[in-house]
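Computed from the coordinates by the stated procedures, all read-outs in this text should not be read as laboratory data. Just so it is clear, the structure is predicted and the values come from calculations on it, not from any experiment. Note that we place each Cβ from the backbone using ideal geometry, even for glycine, and neighbour counts take in every protein chain shown.
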Amino acid sequence: MNIKLVESLIQAILSLSDEERSLLEEKLFFDLSEPSTGDLMLLAQTGRVFQILNDEPDIYLLKDGELI
C-alpha cells in the first residue's frame, strides 16, 4: 500500500475549493459509463424487445390481478 500517495491525495483534495471538490465528486461518483435509468426506460419503450408481450393473452383481471 502506498501510504504516502494516499496522504498526498488527501492533502490535495483538502486544498481544493468547494467548486473544485464538487467537480471532483461529480467526476468520481456521477460520470458512470453505464446507461442511466432514463436511458434504459427509453430503450424499453422504443425498442421492440417487449413487442412479443402484445401478442400474449390477458390472463389477469386489471382490477384485482386474479386469474381469469
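About its Cα centre, what dipole magnitude does the stretch 3-55 give when the only charges are +1 on Lys and Arg Cβ and -1 on Asp and Glu Cβ, stated in debye to the nearest 20?
Details: 4 positive and 10 negative charges, 36 e Å.
Computed charge dipole of the stretch 3-55: roughly 180 debye.
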*asked:* Are there any trypsin sites (Lys or Arg not before Pro) in the stretch 1-65 that are in a DSSP loop and have at most 11 other Cβ atoms within 10 Å? List them by number.
replied: Arg48, Lys63
_R0 of 30 Å, Cβ-Cβ distance Arg48-Glu26: FRET efficiency to nearest 0.05_ = 0.30
*So between Thr37 and Lys63, what do we pick up on full extension, going 0.36 nm a residue minus the alpha carbon distance?*
6.5 nm
_Cα radius of gyration and Dmax for the chain (Å)_ = 24.4, 68
